[in-house]
Every structure is written in structure tokens, then in C-alpha cells.
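The values are calculated or read from the model by the stated rules, or taken from the named source; none is laboratory data. Since we're looking at a predicted model, the values are computed, not measured. Here the Cβ positions follow ideal geometry from the backbone for every residue, glycine too, while neighbour counts run over all protein chains shown. The accessibility values were calculated without ligands, DNA or RNA, using every heavy atom of the protein model including side chains. Shrake-Rupley method; radii C 1.70, N 1.55, O 1.52, S 1.80 Å.
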Amino acid sequence: MEKVLRNRKAILVFILPGLLAYTCFVFYPMCQSILFTFFEGTPNVKFDFVGLDNYKRLFTDKSFRNSFLVTMQYLLVTGTGWIILGYGTALLLRYGLKAKHTNTARTIVYLPVVIPGVAAAALWAKIFEISPQYGLLNSLLKAIGLESLVRPWIGTSATAMWAVCIAEIWKGIGYYAIIFYAGLMDIPKDLEEAASIDGASKWQVIRHIVFPLMRPVFIMCVVLAIMNSLRVYDMPRILTNGGPGYATTTLSIYMYKVAFKQWKYGYGSTVAVVTLLLTVVFTSIVKRMDRKEMTE
Amino acid sequence: MEKKRHFTPGKIVMWIILAVFAVIQIFPLIWLVNHSLANNNEMFTSGILVMPETIRWDNYVTAFVDGHFLLYLRNSLLVNILAVVLVLLFSVMMAFACTRMHWKLSGVVMGLILMGMMIPIHATLLPNYIIYDKLRLTDTLWALLIPYVAFSLPQGLFLTSGFMRSIPKEIEEAAVIDGCGIYRVIGVIIFPMLKTSLVTVAIMTFLNNWNEFMMAMTYLSSPTWKTLPFSVLEFTGIYASNYAVQFAVMALTAAPMVIVYLCLSKYITEGVAMGAVKG
């Protein structure tokens, strides 16, 4: 047995293809991205070492500051929306519906998640539209007599960000709902039954038994929400292309513009690395807070 | 537990919330399909939903033909099926080598690859573009297949190694004692035992990559290997004034995944939940 499990040739055969693909096209490029942040120009042609200039530039670049703030807003609004609505939906699915309806309800809830981001974004562009014809939202407002509220939702800076966030929340709720729901299904039924036999109301059971037990799932969903909202690209790219002005330019869109429209590889990489850092910092803060509270 | 048939105020409120929620989730899609079957002029005159005089299937014909639908669908299917197969194969082999076999660097390799779950695509987009450009891989099938496989591996390895730990070692040991070689152990014993868990990995990989657009847009420029999301993007440009056709192309692009989802919804929702809980 031991000899078979130490078979070096077999280990190489098993490990090499995957390891090569991962190292060459994920790990190595990521390291290169970090290295690029100290250079400016075009790689292989004229790529000059500039030290920390790219990082210094972050602090004076108004567009960067703006897209950083947009990303934070995105994180806050969509992240909170996903978690609260996803959790709420999961609770309704688990405790509000009869068992025979849950499968249908679950299918509906998850449906927007499987629609390609590009198609969903194009659909929401039509929903928010004002000219040449009213989109779904504006026609609805007109139909219920609120014509004063009709406006170009994605055409004005005041509402564009909210519009993109709502579309993004709509597309994502199902994903978090399904994860929360799976967590709820894992809670032992006899715990809930014992509590309700003792006279606890449904809400009390949820508050005092379900919520504490769901804590790990909740933390995991928060981490997922942070990672996903920092990575977001399709929705603002198609819906508003970062506009109007820079109102919906997230870090990912700004990075793309800097790197592939202005051809500043070094500075573009710096923006990308900031996104990476934000992901690492925020998720580790959440995990640390979780650990701290657990021990208290 | 006793069954109650009373409609308490709480229950009514809950049903209203549920109904509103269901409408919000589903109505945009109904609206989309409705408009995709209308005449372009009808849309400008009527209210929220259109009652088309004749159902305009020709919108779909236009979308189908001018949207390069078949070509892009073929590309999407080809890239994604190949990616799923390769991810499954590589993940099982690596998981076996890392969790079962004895070699010094197994922990290091595993840690290195699992770290990949944190790496966002943005952080590799630029260098990868340069690498593919240098290898003359841009605008080929490889420009999508390679990153789709490489980026799905960390999660694939994570999930499969988790599942593999639950398989008792004695089974393989018995097989080896009976003279079964290492490759046959994996192919004949491990693979079949992991079957249900591998469905999860396959679903996660497929869902993540099917809708991927950022890399596709960066690494591809000619239509030869473009994937489905491109039909929507190209169409909104060409048919800017013909709304009905734009709706048709959106519906058409979403259709394959929606159909697959409706057929496999139980597996997909469970697979995603399992993948996330383990991840």
C-alpha cells in the first residue's frame, strides 16, 4: 500500500496538469499584477520602473477616489440588500410556506441568478428607460398616477447608482436565499419542536434558536457578499457603462478603462491590486470579528 | 403537529409580502417575453404589457439569424463542457494526490491552489492578456478554456478533497491488495463513489463560467469563438431602434440556461448551496 501511495510518477501525473494551469494562468499573473504596480508603460516594449509612483498617484487621482467611494457604496447597498432580503426569503421559504409549495417558490426565487449578467443588465436598462418610450418602471408610475416621479433613472447621477444596485440586488437575492435556506434545513427539527412545545411562539423560536445557530452561515454569506460586490462588473458595465459621468464607475470598471482604454498597464494593475487588498482586508475583518464575538 | 386553517392577520401579511416578492422577482421576465413577441410599433403606444395583434415570432428569427445565436451557443457549449470535464478530471486527480498519497509538498501545493479562491479575475486580467497575446492564444478557444479551467480549479479541488475525506481508506487498500493499480483505483473506485458530489462541482463550474463576460470581452475580438453574452451586446448596437428584436435576443440568450435550470432546478439549488456551505 505504502509503495503505491508513494508512486512518484503517479503523483506527478495527478498534480502537474492542474498545478501548471493554475500556476501559469492564475497565480503567476497575480504576482505579475503586483509587480506591474511598480512600473509604467507597455510591458516588453518600454516598461519603466517608477517605484511607488503609482501608489502615490492613487491619493491624488480624483477619479480613483470617486470609484473607490462608488465601490464602497455598492458594497454597502447591494451587500446589505442581498443579506437581508436573502435571509428574509429563506425564512419565508422555510417557515412561511407549506412543504409542497417550497420547491416551486425556491425555483422562482433562484431564477434570476441563472440569467446571464449581460442579458439581465440589458433587461434592466429597458426597465429604467424613459425615451424613446417609457420602460416598465416609468409606465408603472404613470399607470398609478405618479407621473411626477417619472425620470431617466439611469441617466441622472442622483439615481443611477441606486438603479444599478437595485438591479444587482434583484439578480443576487436568490443566490443568498438558497444558501440561507440550506442552512435553515440543517437545523435539527427536534430543537424547534421542543421549544414550541414549551410554548415558544414561531418568532421566538426563530429569534432565540434559529438565529444563533445560523451564525456561521450568516458570516459565510457576508464574506461571499463582500467578495461578490467588490468583483461586480457586468451590471454597471452594460447598464450605465460607469456613467453618467463617473457616477457608477466602480473600481473594476475604472481598472478596465485605465488599462485597456488609456493603456496604462502599471496604474491599471495598481487599481486591480487595491481591489484584491480590499477583498482580503474586509473578509478578514469579518472573520476576526466573528471569532472575537464567539470567544466573548 | 396539528393543522390550522385559520387566516390570522400575520399569515395574511406574510402572503402579501410573498406575493409582492414573487411578482418583483418574476415580473421583469414576463415583461421581457411579452415585449419580445410584440410588434415594435405596438410597444410605443400601449401601457405596461402589450397585447400583440399577431404574435411576432419573426423577432426571434431575426435574433436567431443576425445575433449569430447558433454560433455563439455552440461556442458557449463547447467551452463550458470542455471546462467542466477538465475541472472534474484535474480536481479528482489533485484531491487524491493531496489527501491520500504521501509526498512532502502535498500541503504546500494544496494551500497554494486553495488560495486561488480569494483571487478576483481583475487581478489577473492584464498579465493574462499579455501572456495570451505572446502565446498567440487571443481569439482562440484556448483564451477562454484555459482561464475558465484555471479559475475553477481552486473551488473544484476544495470541494472534491472535502468529499474524498469521507470515503473510507479501507476500500482502496483492499483494491490495492487485490492487485489494482493506482490509476485503476481512481478510475474504477474513487470516481464512481464521488459521483453525486462531482455533480456539485460540475454545476458550480458550469454556472460560474457560462455567464462569464469580463474575460471573454478582453481576450476575444473576432466572432469565431465569442460566447452567448456577446449576442446581447452586439445586438443593442445594431438594432438600437428595434426594441422588440432586442427583447427577443435577451430572451434567447437567457433561454438555454433557464431551460437547463428548470429541468435540473433541484440539483442546481442544492448543488450551489452545498458548494457554498463547504466553501
| A:TRP263 versus A:LEU213: modelled label distance in nm, points set 7 Å from Cα along the beta carbon direction | 6.1
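Chains B and A: how much accessible area gets covered up at their contact, both sides added, probe 1.4 Å, in Å² to the nearest hundred? Intermediate results must be reported in sequence, preceding the final value.
Values: alone 17030 and 17910 Å², together 26580 Å².
Summing both sides, the interface buries roughly 8400 Å².
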| Positions from the stretch A:106-121 whose accessible area shrinks by 40 Å² or more when the full protein complex is built, not the chain alone, probe 1.4 Å | A:ARG106, A:THR107, A:ILE108, A:TYR110, A:LEU111, A:VAL114, A:ILE115, A:PRO116, A:VAL118, A:ALA119
| said: Could you tell me the calculated FRET efficiency between A:THR159 and A:VAL286, based on Cβ-Cβ distance and R0 = 25 angstrom, to the nearest 0.05? | reply: 0.25
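Taking a ≥ b ≥ c as the square roots of the eigenvalues of the Cα gyration tensor of chain B, is the shape rounded (a/c under 1.5), prolate (a/b larger than b/c) or oblate?
Details: a/c = 2.62, a/b = 1.44, b/c = 1.82.
Note, shape of chain B comes out oblate.
Once fully extended, how much extra length lies between B:THR196 and B:LYS104, figured as 0.36 nm per residue of separation less the alpha-carbon to alpha-carbon distance?
Details: separation 92, 0.36 × 92 = 33.12 nm, distance 3.07 nm.
Separation in residues times 0.36 nm, less the Cα-Cα distance, equals 30.1 nm.
Kirkwood Rh, Cα Rg: Rg to Rh for the protein assembly as shown? Spell out each step's value before the answer.
Numbers: Rg = 25.3 Å, Rh = 25.8 Å.
My calculation puts Rg/Rh at 0.98.
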| said: Around A:ALA177, under 13 Å between beta carbons, what's the net of Lys plus Arg minus Asp minus Glu among the other residues? | reply: +3
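Count the net charge of all other residues whose Cβ sits under 12 Å from the Cβ of A:GLY243, scoring Lys and Arg as +1 and Asp and Glu as -1. Walk me through the numbers before you get to the answer.
Values: positive: A:ARG237, A:LYS257; negative: none.
The answer is +2.
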| message | Is the C-alpha gyration tensor of the stretch A:134-211 telling us rounded, prolate or oblate? Criteria: a/c under 1.5 is rounded; beyond that, a/b larger than b/c is prolate, otherwise oblate. | response | prolate
| field | Degrees, to the nearest 10: B:122-134 long Cα axis against longest axis of chain B | value | 80
| query | If one takes the longest principal axis of the Cα atoms in chain B, at what angle in degrees, from 0 to 90 and to the nearest 10, does the Cα axis of helix B:229-238 lie? | reply | 30
| In whole angstrom, and with the biggest value first, how far do the Cα coordinates of chain A range along each principal axis? | 77, 74, 39
| In a shell of Cβ-Cβ distance under 15 Å around A:ARG231, excluding A:ARG231 itself, what net charge do Lys and Arg (+1) and Asp and Glu (-1) give? | -1
